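Below: the structure, in structure tokens.
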Amino acid sequence: MTDSSIRPTSRDTRTCRSEAGRPRTGATRMARYTYERLSAQDNSFLIMETRTQVMHVASTLIYDAGPLRTPEGGIDFERIKKATEGYLHRIPRYRQKLHFIPLEGSAVWVDDRHFSIDYHVRHAALPKPGSDQQLKRLASRVMAMPLDRARPMWETWIVEGLEGDRFAVITKIHHCMIDGSSGVDIAQIMMRTTPDRELPEAPPFRPRPAPSNSELLRDELWRRATLPLDVVRDFRRFASETDDLREEITSRARILASTLGMGAGAEETPLNGENGPHRRFDWLNVSLDDIKAVRKALGATVNDVVLTVVTGAVREYLELRGIDPASLEFRLSAPVSVRSEAERGKLGNRVSSWILALPIDESDPRAQLERIHETTQDLKTSNQALGVEMMMQVAEWTPSVLLSLGAQAINGPINTIVTNVPGPQFPLYLQGAELQAIYPQVPLLPGLGLGIALMSYNGRV
């Protein structure tokens, strides 16, 4: 797989191309540099980030030691590092870093000519007994530390010493690089569907030239000057592909008005407020077949069942804190992938979201599920996710100084986030070691003290 959105530097033409790939009329020199601009959605995760409000996604993967066990009882770290180098050329973003446009403030991706695999793939060990609880604490600390913006924004921690003849891999990638769906693709690139232990030969890394600050600023000014032409062209294409243009525009306006009408803030609960620098991580592993059995018996979806479990947990927690669940509205954001089949495998974010209120005033789980199912069906019919996507499209025309004001609003007036990513339903192997479980970690948005992430893998959730 290659990231086809990254423009190669031309050696055979005298046409200098802008970052969007449009020829500049009258240009007489060839393009000397290569970069890719972050989308507004990707950039929003940089804008929201502070030292204590980190915006990277992570996961903890647990493996049987298997053939990676060393005679001394450890894990063959050097082999894993070499295997990692073997697939990096298939994920160009892993050897790219941020370069910020002067004055404007937004960022682009450029190749890191000082890239070092030793900085990104790290070796750690748990003290005895090497329990799951110790691993959770380590994963929490790794999650709480910000990534270095001067380097490619990812880390992989190989953790040995886990009891039960197992080891763990903690991955950490900034949200400006990936969403949940593209993260699944990366995981499958890293691993194999068989215990094959072949070490791929990596081609040499030849970083492409990066633009100077003046070149970046010039290109950005050109992009903004030609934005009106892009808008007209996109509208003409939209009009030509739409059967009933008036009805489509009216429908989209109604959806956008409904999205904007949800309000700017959520009700205060014990789960909301200003976050500190520390994180706590816990996980639960259940049978996917059990969830599907409930779904089938009650005529709902897997996601409806998940949201019902969350509803019951939030309701019980509020009652334990002495709060009447019927006295407030508790909203969550459920990310919805809008990634097309043609975009599968590409990095970056292609995600919208549903925003819905949980029926925490209802005590009966069956009634909770019925109300959630009715709500999610309405969201599908009303196409609320399109409203959030439209807001992100408009944000593409917005300077970073204004985007920073709207970034939180785009995430909606919510109390928590629940993201559910379907993973592969077959075993995966890392250099012959079988993957047992994947536990995702979602970053906490400003004001949210709790985030819930699910991933299904090989019959488990």
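The values are calculated or read from the model by the stated rules, or taken from the named source; none is laboratory data. Note that this is a predicted model, so its numbers are computed, not measured. As a convention, Cβ positions derive from the backbone with ideal geometry for all residues, glycine included, and neighbour counts pool all protein chains shown. Each accessible area value is taken on the protein alone, full model and side chains, heavy atoms only, with ligands, DNA and RNA left out. Shrake-Rupley method; radii C 1.70, N 1.55, O 1.52, S 1.80 Å.
Side notes on the structure shown:
- Proximal lysines relative to residue 81, as straight alpha-carbon distance under 28 Å, when same-chain residues fewer than 8 apart are discounted: 97, 128, 136, 172, 346
- Taking amide H positions as modeled 1.01 Å from N, with prolines and chain starts lacking one, the residues under 5 Å from residue 122 and 5 or more places away or on another chain are 156, 157, 158.
- Distances between placed amide hydrogens fall under 5 Å for residue 178 paired with 348, all partners being 5 or more residues away or on another chain.
- Averaged over residues, the count of other Cβ atoms within 10 Å places the peptides 79-90, 274-285, 41-52 in the sequence 41-52, 79-90, 274-285, highest first.
- Summarising the amide proton neighbourhood of residue 356: residues at separation of 5 or more, or on other chains, whose placed amide H is nearer than 5 Å comprise 332, 334.
- Residue-wise HN-Hα coupling along the stretch 78-84, computed from phi with Karplus coefficients 6.51, -1.76, 1.60 (Hz; x: Gly, Pro): 4, 5, 5, 5, 5, 5, 4
- Probe 1.4 Å - accessible area at residue 119, Å² to nearest ten: 60 Å²
- Proximal lysines relative to residue 292, as straight alpha-carbon distance under 27 Å, when same-chain residues fewer than 8 apart are discounted: 380
- Kirkwood hydrodynamic radius computed over the stretch 39-163 comes to 16.6 Å, based on all pairs of distinct alpha carbons.
- Within the full protein context, the accessible area of residue 414 is estimated at about 20 Å² for a probe radius of 1.4 Å.
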